[in-house]
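Input: a single structure, listed below in structure tokens.
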Amino acid sequence: MSNERPRILCISLSPLRSDARVLRQISLLSEIGDVTTVGFGAAPDGVFAHHQVPEGLSTLPQTPLGIVRLALRMHRSAEISAPAVRWTANRLGGQTFDLVVANEARALGVAHRIADGAPVWADMHEWAPEERTHILSWRLLVAPFMVHLCERYLPASALVTTVGDGIAALYRQQFDVPAVVMRNAGGFRALKPSPVSGEQIRLVHSGAAIHGRRLELMIETMNLLDARFTLDLYLMPGGDGGAYLRELRASAASDRRITFHPPVAPEDLPQVLNAYDVGVFWIPPTHTNARLTLPNKFFDFVQARLMVAVGPSPEMTELVTRYDLGVISNDFTPESCAQSLSSLDVESVRSAKAASDAAARELSFENDAAHIRAVIEGILGARSNGEVTQPEENA
């Protein structure tokens, strides 16, 4: 291999500086090579070059012609027809890279086009065919397009990753690709559990205010808990202009124990959350990604050294049980969620926070990244030697 650092292109049609998963991905890639990024907003720290996608460009084929192509199942011709995707193809076409990273299915077609035979890492994040199945038009028009992109491009990708074992199994079953798990774990933080009060149990939740997550369940649960409990919410407005967040504020207005805070940057979250006792996240299994969710916030709670309270979501339940991190409700009703918390006392909260402390290094990005880095370095090494590489299946 030459002494020059590999040239790596990372495509993520998202606001990069607030996309925690992609920021961690970029930090890993920057250790390996010179990283050029494509996405919305300003350049992430430490990249070699950045191409800022103009605001307002759709990442899906939502132009009149694009919708016709989707309706007629003309998926090949729709691959580069989304405005943001077409802009990316025009901006980067003709440049050469040693590795191209496609974040989510919508970037697969343009990533493979720009790669022009170079290896592609397809980080699918979640289960692409059901990204927004709660929206009828998405289900009818976009879901088949997502399936097409996966069927065509995932088998041709050198590495396919996703957030958890359940979704990795779906990619293996439906698209016959050996998907590797790279969880949404944040970087290890050298924090210690904060003291637990005998008079108050401080619940906290952080994330985006997206309607399908049914965040009002936390407010409904608070109505059933005694005066010991408080709930602090660090919520970012969703893609609805903040309408759902305003609904949540209105529904909680009469409860002084519930406090809304401005959102916190991903790198600052564990330190801010460390002041609390219990990180809560109950999300009903309304679709596949909700059922199999293993989100950033779960790992933020662990790095913040909190007890964790979740519903019977299998991916989170497995980790809570394995590491003794907290409590699991029997179902997703307010009554069950409240019941899982109502018997907590100082000792049980302190014990679970200590368990998070003990598990924090194992449940960190550094732990997961070591394997992914080895795979990427193997792919780049094989490319420099003229070899054809096949993706490894997660152990």
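Only the coordinates and a few stated rules stand behind these numbers; no lab work does. These numbers come from a predicted model, not from an experiment. We place every Cβ from the backbone using ideal geometry, glycine too, and count neighbours over all the protein chains shown.
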* To do: Report the relative contact order of region 193-259, percent, no decimals, based on alpha-carbon pairs under 8 angstrom and at least 6 residues apart.
  => 38 percent
* How are the Cα pair distances of region 294-395 distributed, in percent, across 10 Å bins from 0? -> 14, 35, 23, 15, 9, 4, 0
* Would you work out the relative contact order for region 253-395, in percent, from Cα pairs under 8 angstrom that are 6 or more residues apart? => 19 percent
* **FRET efficiency for Leu224 and Ala190, using Cβ-Cβ distance with R0 set to 56 Å, rounded to 0.05** => 0.95
* Go ahead and set up a Gaussian network model of the chain, Cα springs under 10 Å, then flag whichever of Arg214, Arg291, Arg246 fluctuates most. => Arg246
* Structure fact -> Length gained if Glu347 through Asp331 is fully extended, taking 0.36 nm per residue and subtracting the Cα-Cα distance, is 3.3 nm
* Asked: Can you give the extra length, in nm with one decimal, that the chain gains between His134 and Ala243 once fully stretched, where that is 0.36 nm per residue apart less the Cα-Cα distance?
  -> 37.5 nm
* **Label-zone membership for region 156-200, site Ala382, 7 angstrom Cα→C-beta point, backbone N under 15 Å** => 156-161, 177-180
* To do: Extending each Cα 7 Å along its Cβ direction at Ser251 and Gln62, get the distance between those two points in nm, one decimal.
  => 2.4 nm
* Structure fact -> A student applying the Cα gyration tensor rule (rounded when a/c is under 1.5; otherwise prolate if a/b is larger than b/c, oblate if not) would label region 319-361 oblate
* Asked: Where in region 119-201 are there trypsin sites (Lys or Arg not before Pro) that are in a DSSP coil and have at most 10 other Cβ atoms within 10 angstrom of their Cβ?
  -> none
* What shape does region 190-318 have by the C-alpha gyration tensor, where a ≥ b ≥ c are the square roots of the eigenvalues, rounded means a/c under 1.5, and otherwise prolate means a/b greater than b/c and oblate the rest? -> rounded
* **Extension gain, Ala275 back to Arg361 (0.36 nm per residue minus Cα-Cα distance, nm)** => 29.0 nm
* Asked: Can you give the translational diffusion coefficient of the chain in µm²/s, computed by Stokes-Einstein from the Kirkwood radius over Cα pairs at 37 °C and 0.692 mPa s?
  -> 149 µm²/s
* Asked: Points 7 angstrom from Cα along the Cβ direction at Ala374 and Asp116: gap in nanometres?
  -> 3.4 nm
* Structure fact -> With Cα springs under 10 Å, the Gaussian network model of the chain assigns the largest mean-square fluctuation among Leu136, Leu224, Leu363 to Leu136
* Give the calculated FRET efficiency between Ser18 and Arg214 to the nearest 0.05, with a Förster radius of 30 Å applied to their Cβ-Cβ distance. => 0.85
* **Using distinct alpha-carbon pairs, which all enter the 1/r mean, Kirkwood radius of region 90-235 in Å** => 18.6 Å
* To do: Could you work out which residue, out of Glu131, Glu347, Glu104, moves most in a Gaussian network model of the chain, that is, has the largest mean-square fluctuation with Cα springs under 10 Å?
  => Glu347
* Asked: Roughly how many nanometres apart are two label points built 7 Å out from the Cα toward the Cβ at Ala169 and Val264?
  -> 3.4 nm
* Asked: Cα-Cα pairs above 20 Å in region 19-178: how many percent?
  -> 51 percent
